[in-house]
Structures are given as C-alpha cells and as structure tokens.
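Data first, discussion second: the structure below is written as structure tokens.
The values are calculated or read from the model by the stated rules, or taken from the named source; none is laboratory data. Please read these numbers as outputs of a predicted model, since none were measured by experiment. Positions of Cβ are generated from backbone atoms using ideal geometry, with glycine treated the same way; all protein chains shown enter the neighbour counts.
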Amino acid sequence: MASRARQEKERQILDAAVTVFARSGYHKSSIAAIAGEAGVAAGTIYLYFRQKEDLIIALFQRHLGDYLDEYEPRIRSESDPAVRIRRLIEYHLAFFEHDPELAVVFQIHLREVSPMIRDGITPVLVRYFDLIDDILQDAHGRGFLDPELDLRLARKVLFGALDEIVTSWARAEHRYSLLAQVDPLYRILSRAIGLKGEAECATG
C-alpha cells in the first residue's frame, strides 16, 4: 500500500512539473511552483527528487517509457514493414497531440538543458532509436527498402522528421491537427527511403 501511495504521489508531482515547465520553461520554474501546482509542500518534493534536474529526467523516462511499453509491441506485431513505419508515425504524432503540454516540454524546453540531463534521458531515447533501427533493418533485409539505403541515415531522417513536425506544432501553439500530418508525412518518408508495401514486394 505504501509503495502504491508513493507511486501515486510521484506521478502527481511529475504531472505538476509538466504543467509548470510548459508554462514557465525549465530554467524559470522553481520547486516551490511545482509543489504549489501539485498541492504539496515544497519539502515533499525532495522526498522524491533530490533536485529539479531529477524531475525532468524522471518525467521524460516515465512518459517515453510508458509510450514504448504500450506501442512498441503493437508496432512490432505488424507483419508488413510499410504498415510498421506508418504506425510509428501515427503513434508518435498521436502521443504528443493528446498531451500538448508534454510536447512543449519535450520539444522546446528539453533543448535548453544541461549535459547531465541529456545523459539521464539518453537510455530511454536509445530504446526508441533501437526500435526504429529494428524496423528499418527488417524492412531492408526483406527487400522492402532501397538496397543501397544507408540505414543509419534513414533512421535519422525518419526521427528527425517526426521531431521537427512536433516541434513546429508546439511552437505554433497547437493551431492545427498533428494527426492530419500522418498521411502526408508517411508518403514523403516512404518515397525518401524507397519503401514498398507487401503487394509491391510480392510482384517485384
């Protein structure tokens, strides 16, 4: 019971941190402001996190980790590599459209942080990169991609496009639908990496 209560309190604090970071920016946010948003005493924050840096690392690990726990199995369950890549694009954009505050924190304020914070968020980010690499390597090995394709560069292009689309949307204060970008982005990226569907591979 105590462990569950602690987890709930930690989630409450992290949710408050997202709101405060999105509103004020990471550097201008204080532990006192986060405590006020969470409805707890400032001292309570330090029972869970030693410093503000630990807060932003924890919220990144939690949100991206939860995303991968839920959506990685769904993506990998698709047999057609073209469908896998479309699902990757769709789920990524849906994830941020459903939480605009988190998009602001991830896409804008995390770019302003220290090397220590970047080191802290690297392991879960590498897990995401590994998923993209696996999708591309499988597609390449099965003949769904241009045989001359540089897979490492392709992963950078794919993730970079997703990153830029969400960043632009966050900076535009969410004035349009991210999910409306799924099909156009999929078509552009498919052409860029020479992606074929199962029907094309069967006849090719």
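In this structure, is Pro147 within 20 Å of Leu195 (Cβ to Cβ) and at pLDDT below 95?
yes
Does Arg118 satisfy the condition of being under 30 Å from Ala180 (Cβ atoms) and either modelled with pLDDT of 95 or more or in a helix (DSSP H, G or I) (or both)?
no
Could you tell me whether Asp80 is among the acidic types (Asp, Glu) and either surrounded by fewer than 16 Cβ atoms within 10 Å (Cβ to Cβ) or without any contact (Cβ under 8 Å) to a residue 12 or more places away in the chain (or both)?
No, not satisfied.
Looking at segment 27-36, which of its residues are farther than 22 Å from Asp119 by Cβ and either touching a residue at least 60 places away in the same chain (Cβ under 8 Å) or surrounded by fewer than 19 Cβ atoms within 10 Å (Cβ to Cβ) (or both)?
Listed by number, the residues that qualify are Lys28, Ser30, Ala32, Ala33, Gly36.
Taking the options Val40, Val83, Val104, name whichever one is of a type in the set (Val, Ile, Thr), out of contact with any Ser or Thr (no Cβ under 7 Å at 6 or more places or on another chain) and part of a loop (DSSP other than H, G, I, E, B).
Answer to the check: Val40.
Only one of (1) surrounded by fewer than 17 Cβ atoms within 10 Å (Cβ to Cβ); (2) in contact (Cβ under 8 Å) with a residue 40 or more places away in the chain is not met by Arg86, so which one is it?
Looking at each condition in turn, Arg86 falls short on (1).
Given the conditions (1) over 18 Å from Leu102 (Cβ atoms); (2) under 25 Å from the mean Cα position of the chain (by Cα); (3) among the small types (Gly, Ala, Ser), which single one is not true for Ala38?
Result: Ala38 fails condition (1) only.
For Arg155, all conditions in the list (1) surrounded by fewer than 16 Cβ atoms within 10 Å (Cβ to Cβ); (2) part of a helix (DSSP H, G or I); (3) charged (D, E, K, R) hold save one; what is the number of the exception?
Condition not satisfied by Arg155: (1).
If only one of Phe96, Phe21, Phe60 is touching a Ser or Thr at 6+ places or on another chain (Cβ under 9 Å), aromatic (Phe, Trp, Tyr) and surrounded by 14 or more Cβ atoms within 10 Å (Cβ to Cβ), which one is it?
Phe21
Before we move on, is Tyr128 under 25 Å from Glu8 (Cα atoms) and of a type outside the set (S, T, N, Q)?
no
Suppose we filter Ile45, Ile75 for residues that are without any contact (Cβ under 8 Å) to a residue 40 or more places away in the chain, part of a helix (DSSP H, G or I) and surrounded by 15 or more Cβ atoms within 10 Å (Cβ to Cβ); which single one remains?
It is Ile45.
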